[in-house]
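Trainee: This is the structure, below, for whatever I ask next.
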Amino acid sequence: MKKDFWENEDLMLIKLSPEYLSQIWEYKKEFLENGDSMDGTGPLRRAESEEEYYKIAQSYLSKDTLPEKMVVATQFLCVRKSDNKLVGMLQARHYFNEFLEKYAGHIGYSVRPSERRKGYASWMLHNSLPFYKSIGVDNVMVCCVDTNEGSRRTILKNGGVYDATVYFEPDNENLERYWIDIDKELKKEGR
């Protein structure tokens, strides 16, 4: 059975829910105002409304409704319990297409600019690993831009092992690829 959420005393990692659509839209606005990429948010950047975003993100859940050139993916929200605030998002891609295999990996994630440097990204990445285990994935690939020290530390803290650096010409960026052995990481805490 696949679990739908993970939590600790401060945070919840839950599947996309319509309850949070207005907060997701505020999340998008904060990223646009900050000039940041919206990693791990699926179709959020191109969606023109909350409803359109939800509809497209839900279509990623099944091969039958999947948009062309996309892969099955589950959208997670990281919500702080004390104020029910959306602080991060994570997209869990179930398998690779050619682009993901080379440039993006299984997992994309982001933390809203006003909530960074609190350990949320590391917590989200770690708590996405049981989901992958539940769908039969044993090793996940996570990528980060070579200049993103925070994301690199997040990946390394979660057992990431460096694989390679690849050049992504459209954005003129070097992307570092890391692999995480899920069993090894979950055994550390007795899961």
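Trainee: With the requirement that a residue be among the polar types (S, T, N, Q) and out of contact with any helix residue (DSSP H, G or I) (no Cβ under 6 Å at 6 or more places or on another chain), what does region 99-122 give you? If you could, list the steps in order and put the result at the bottom.
Mentor: Kept after step one, since they are among the polar types (S, T, N, Q), are these residues of region 99-122: 110, 114, 122.
Once the filter is applied, which keeps residues that are among the polar types (S, T, N, Q) and out of contact with any helix residue (DSSP H, G or I) (no Cβ under 6 Å at 6 or more places or on another chain), region 99-122 yields SER110, SER114.
Trainee: Another question about this same structure. Examine region 77-86 for a residue that is assigned to a helix (DSSP H, G or I) and touching an Asp or Glu at 6+ places or on another chain (Cβ under 9 Å), and state whether such a residue exists. Reasoning before the result, please.
Mentor: Let us first name the residues in region 77-86 that are assigned to a helix (DSSP H, G or I), namely none.
No, region 77-86 contains no residue that is assigned to a helix (DSSP H, G or I) and touching an Asp or Glu at 6+ places or on another chain (Cβ under 9 Å).
Trainee: OK, next. Being charged (D, E, K, R) and assigned to a helix (DSSP H, G or I) is the filter; apply it to region 22-49 and report the residue that is surrounded by the fewest Cβ atoms within 10 Å (Cβ to Cβ).
Mentor: Just the residues of region 22-49 that are charged (D, E, K, R), to begin with: 26, 28-30, 33, 36, 39, 45-46, 48.
Imposing the further condition that a residue be assigned to a helix (DSSP H, G or I) reduces the set to 26, 28-30, 33.
Values: GLU26: 14, LYS28: 19, LYS29: 11, GLU30: 15, GLU33: 9.
If we take residues in region 22-49 being charged (D, E, K, R) and assigned to a helix (DSSP H, G or I), then GLU33 is surrounded by the fewest Cβ atoms within 10 Å (Cβ to Cβ).
Residue by residue, here is whether (1) touching a residue at least 12 places away in the same chain (Cβ under 8 Å); (2) under 22 Å from TYR60 (Cβ atoms); (3) surrounded by fewer than 19 Cβ atoms within 10 Å (Cβ to Cβ); (4) among the aromatic types (Phe, Trp, Tyr) holds:
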site: GLY136; (1), (2), (3), (4): no, yes, yes, no
site: ASN139; (1), (2), (3), (4): yes, yes, yes, no
site: ASN148; (1), (2), (3), (4): no, no, yes, no
site: GLU185; (1), (2), (3), (4): yes, no, no, no
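Trainee: Yes or no: GLU52 assigned to a helix (DSSP H, G or I), without any contact (Cβ under 8 Å) to a residue 60 or more places away in the chain and surrounded by fewer than 17 Cβ atoms within 10 Å (Cβ to Cβ)? Walk me through how you get there before you give the answer.
Mentor: Working: assigned to a helix (DSSP H, G or I): yes; without any contact (Cβ under 8 Å) to a residue 60 or more places away in the chain: yes; surrounded by fewer than 17 Cβ atoms within 10 Å (Cβ to Cβ): yes.
The answer is yes for GLU52.
Trainee: Also, quick follow-up: Just checking, how many residues over region 13-49 are touching a Lys or Arg at 6+ places or on another chain (Cβ under 6 Å) and in contact (Cβ under 8 Å) with a residue 60 or more places away in the chain? Step through it out loud before you land on a result.
Mentor: Going residue by residue through region 13-49, those that are touching a Lys or Arg at 6+ places or on another chain (Cβ under 6 Å) are 27, 30, 38, 44.
From what is left, the residues that are in contact (Cβ under 8 Å) with a residue 60 or more places away in the chain are 27, 30, 38.
Adding up the residues that qualify gives 3.
Trainee: Which residues, counting only those in region 93-129, are under 20 Å from SER62 (Cα atoms), at pLDDT 95 or above and in a helix (DSSP H, G or I)?
Mentor: SER128
Trainee: Related question: In region 44-65, what count of residues is obtained for those that are under 22 Å from ILE135 (Cβ atoms) and in contact with a strand residue (DSSP E or B) (Cβ under 9 Å, 6 or more places away or on another chain)?
Mentor: Here the count works out to 4.
Trainee: If I ask for residues that are of a type in the set (Lys, Arg) and under 22 Å from LEU16 (Cβ atoms), which ones from region 119-160 would you list?
Mentor: Residues of region 119-160 that are of a type in the set (Lys, Arg), as a first pass: 133, 152-153, 157.
Selection gives LYS133 alone.
The values are calculated or read from the model by the stated rules, or taken from the named source; none is laboratory data. Fair warning: this is a prediction, and the values are worked out from it, not measured in the lab. For neighbour counting, all protein chains shown are included, and Cβ atoms are generated from backbone atoms with ideal geometry for every residue, glycine included.
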